[in-house]
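Please read the structure below before turning to the comments.
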Amino acid sequence: VFGGMCAHCGEVVRSEDGSASAFGGAKVLQRPGLFTTSRDLTVAASSLQKLEELERQRRLTTKKLVLVLDIDHTLLVTDTRRSISRGAPCPGTRWIIAPDGHRFLVRPRPHLDSFLKQARELCDMYLYTHGTTPYAKAVVAGIDPHGIYFGSPPHLFTRNNTPEGRKSLQEIFKDTSLVLVVDDREDVWPSEVVQQQLLKVAPFLCFAGDKRQQVPPEAMVFAMQSSEGGRVADGPEAKRLKTSSDSVLNDTSALDLQLPFVANILRRVHRAALGSGGVDRPDVALIVPKLRSGTLRGCVVCFSGLFKPPEGGPSHFAVWCEQLGATVQEALTDATTHLVTVRRDTEKYHKALAASTASGRPHIVHLGWLLRAAVTWERPKEADFAVPLTGEMPRFSDIWGPNQQMPTEIGSESCILPSEEEEEEEEEEEEEEELLRALAS
């Protein structure tokens, strides 16, 4: 049905209330989102089911997953503010002009081209943004001018061709068993997608004053940034720290290695889902939680100085720990392996410091250690995120250090893990093989 009219016989298709509509008979007509972003085209639900099954079989044959990518703060960052000319733009930025004449200053995330080339070998790629269609088309024309990665016309879903509110994979696919999502925000997706299909990335921040810094949970990270002596800054001091944070965004964004780590995670999920010895109907909803939970397995984490959720229940950071396979404790005990703290003036900090001095544990790390683990699925080196005894606390959001190494490529023996010992790598590979055997059975 196109534009409310049957493409075969020309009959007007009417909805249940009698009005002509392309969405008429919502129970039987659906947009084939895997083929088109147009709202004017719908097909019978039974036909769509057959088409999706054919596509699933094609992907199993070609060994392709499906990757749904966010744009802003995930693949790139843009600035549309009128005041942008007052500050020097980040290195690597360029202007783009949308069809409606609006100008945007765009900074692609480091390693974007390499990431798209690698992802293309593993996945069919779609874009899903809450931005407008003219803006999104202008961006896509800049990063994929020949339609190599996202098709021509691009597989592009925006606020103009999707319902308001949270993003929904059902707008594109009815069968989501092979679908992965890469996004910097968890709050725009249903909880089941967050838990089973989302590869959370750190927001790419480049431009000073970016409002993305005000969105949880990253907003809480900035709010808990400590000043010298370990106090949580507030009032004028918090404003000073925020200004300082803004001023160095340009310096740290070039170090960003998020996309190479996402490519590595894609390879791991792809191997578990579509590698040799896989199952007939692989489901990433079973694979993602399993692989992610190996990141901090064996770690027993206690928090100190973090804001508690006003509605009660576990904090966002405690949920991350559990998803990564760690055990979270309310109190510091002999079993605690890591104290994650944003302050140095708490009872837990001083108790942990005494125990660490005497026995070497627990590790005392700041919040950046957990942030990096959450977006790389690799256990960071504790020394890189250790809380200093004196002086200002490190910036928790600076998770990409100047001396870091690229992530290990699956199947490559020449690469060196950036944060795990050799025996931990072997243990990870054994766990993935065990997952494959479990899925096959």
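The values are calculated or read from the model by the stated rules, or taken from the named source; none is laboratory data. As the structure is a computational prediction, the values presented were derived from the model and not from experiment. Ideal geometry is used to build each Cβ from the backbone, glycine not excepted, and the neighbour counts take in all protein chains shown.
All told, residue 148 meets the bar of being of a type outside the set (Asp, Glu), at pLDDT 95 or above and surrounded by fewer than 17 Cβ atoms within 10 Å (Cβ to Cβ). Do you know which of the residues in region 295-314 that are under 22 Å from the mean Cα position of the chain (by Cα) and surrounded by 17 or more Cβ atoms within 10 Å (Cβ to Cβ) is farthest from residue 351 (Cα to Cα)? Applying the filter and picking the extreme gives 295.
Matching residues to (1) β-branched (Val, Ile, Thr); (2) in contact with an Asp or Glu (Cβ under 9 Å, 6 or more places away or on another chain):
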{"position": "288", "(1), (2)": "yes, no"}
{"position": "291", "(1), (2)": "no, yes"}
{"position": "300", "(1), (2)": "yes, no"}
{"position": "304", "(1), (2)": "no, yes"}
{"position": "308", "(1), (2)": "no, no"}
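Farther than 22 Å from residue 220 by Cβ, polar (S, T, N, Q) and either buried (at least 17 other Cβ atoms within 10 Å of the Cβ) or in contact with a Phe, Trp or Tyr (Cβ under 9 Å, 6 or more places away or on another chain) (or both): does that describe residue 337? Here the answer is yes, as residue 337 does meet what is asked.
Restricting attention to region 271-299, the residues that are among the polar types (S, T, N, Q) and closer than 29 Å to residue 335 by Cα total 2. From the list 281, 292, the lone residue that is touching a residue at least 12 places away in the same chain (Cβ under 8 Å), of a type in the set (D, E, K, R), crowded, with 21+ Cβ neighbours inside 10 Å and more than 24 Å from residue 350 (Cα to Cα) is 292. Taking the criterion of being in a loop (DSSP other than H, G, I, E, B) and not hydroxyl-bearing (Ser, Thr, Tyr), the residues of region 169-196 that qualify are 172, 173, 174, 175, 178, 184, 185, 186, 187, 188, 189, 190. Selection of region 108-124 for residues being under 16 Å from residue 72 (Cβ atoms) and assigned to a strand (DSSP E or B) yields only 108. Among the residues of region 112-157, the one identified as touching a Ser or Thr at 6+ places or on another chain (Cβ under 6 Å), polar (S, T, N, Q) and touching a residue at least 40 places away in the same chain (Cβ under 8 Å) is 129. Could we say that residue 412 is modelled with pLDDT under 90, assigned by TED's automatic domain parsing to the domain that holds residue 303 and within 30 Å of residue 331 (Cα to Cα) here? Criteria not met by residue 412. The sole residue among 105, 127 that is part of a strand (DSSP E or B) and either surrounded by fewer than 19 Cβ atoms within 10 Å (Cβ to Cβ) or over 22 Å from the mean Cα position of the chain (by Cα) (or both) is 105. Yes or no: residue 138 of a type in the set (A, V, I, L, M, F, W, C), assigned to a helix (DSSP H, G or I) and crowded, with 22+ Cβ neighbours inside 10 Å? Against the criterion (of a type in the set (A, V, I, L, M, F, W, C), assigned to a helix (DSSP H, G or I) and crowded, with 22+ Cβ neighbours inside 10 Å), residue 138 does not qualify.
Any chance region 162-174 includes a residue that's touching a residue at least 12 places away in the same chain (Cβ under 8 Å), under 25 Å from residue 110 (Cα atoms) and surrounded by fewer than 22 Cβ atoms within 10 Å (Cβ to Cβ)? No: region 162-174 contains no residue that is touching a residue at least 12 places away in the same chain (Cβ under 8 Å), under 25 Å from residue 110 (Cα atoms) and surrounded by fewer than 22 Cβ atoms within 10 Å (Cβ to Cβ).
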